[in-house]
Amino acid sequence: MSRHRLAREQRTLAYMLRIYCRSHHGTEQQLCPACREVLEYASGRLQQCPFGANKPSCSACPNNCHAPSQRDSLRMVMRFAGPRMLWHHPVLALRHLWDSKVLPLLRRP
C-alpha cells in the first residue's frame with residue numbers, strides 16, 4: 001500500500017468518526033474521548049497491517065486484526081457515516097468505494 005493510500009484511509013476514517021461523533025455525541029470540532037479512542041486504535045491497527053502494500057479493505061480482509069468490540073464500533077460508525085460521506089466528503093467517499101469494491105475485482109487472477 002502506498003503511503004498516500006494509507007494516509008487517505010486514515011483521513012477517511014477520521015472524517016467518518018467526526019460525522020458519527022457530531023451526530024451521536026453533539027461534538028463540533030473535536031472528537032469525544034470515546035471516538036478519539038476508536039480512532040487511535042484503528043489508526044494503530046492500520047499502521048500494523050500484515051499485508052502492507054497489498055492490504056485489502058478491512059471488510060474483505062481474511063484476518064480480523066480488530067478486537068470484536070472495536071470491530072463492532074467501527075462497523076456502527078461506518079454504517080452511519082458511510083452514506084453521509086458522499087455529501088460531506090464526496091472525493092474521499094468515492095475513493096473509499098473504489099478501494100473496497102473495485103480494486104479487489106481487479107486483483108483477482
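None of the figures in this text is laboratory data; all of them are computed from the coordinates on show. None of these values were measured; they are calculated from a predicted model. Positions of Cβ are generated from backbone atoms using ideal geometry, with glycine treated the same way; all protein chains shown enter the neighbour counts.
At-a-glance table
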read-out	value
DSSP-assigned coil residues among GluC sites (Glu not before Pro) in segment 1-78, each with at most 10 further Cβ atoms within 10 Å	Glu28
Rounded tilt (10° steps) of 3-25 against the dominant C-alpha axis of the chain	30
Computed [θ] at 222 nm, deg cm²/dmol, the chain (DSSP H ≥ 4; -39,500 (n - 2.57); rounded to nearest 500)	-21500 deg cm²/dmol
Proximal charge balance of Asn63 [Cβ under 12 Å; K/R count +1, D/E count -1]	+3
Debye intensity ratio in log₁₀ form over the Cα atoms of segment 18-75, taken at each q of 0.19, 0.28 Å⁻¹	-0.74, -1.16
Relative contact order of the chain, defined on C-alpha pairs under 8 angstrom at six or more residues apart (%)	35
Free-standing Cys, the chain [no other Cys Cβ under 4.7 Å]	Cys32, Cys49, Cys58, Cys61, Cys65
Amide H contacts of Cys65 (H built 1.01 Å from N, under 5 Å, at least 5 apart or other chain)	none
Label-to-label distance, nm, for residues given as Cys65 and Thr27 (7 Å Cα→Cβ offset)	2.3
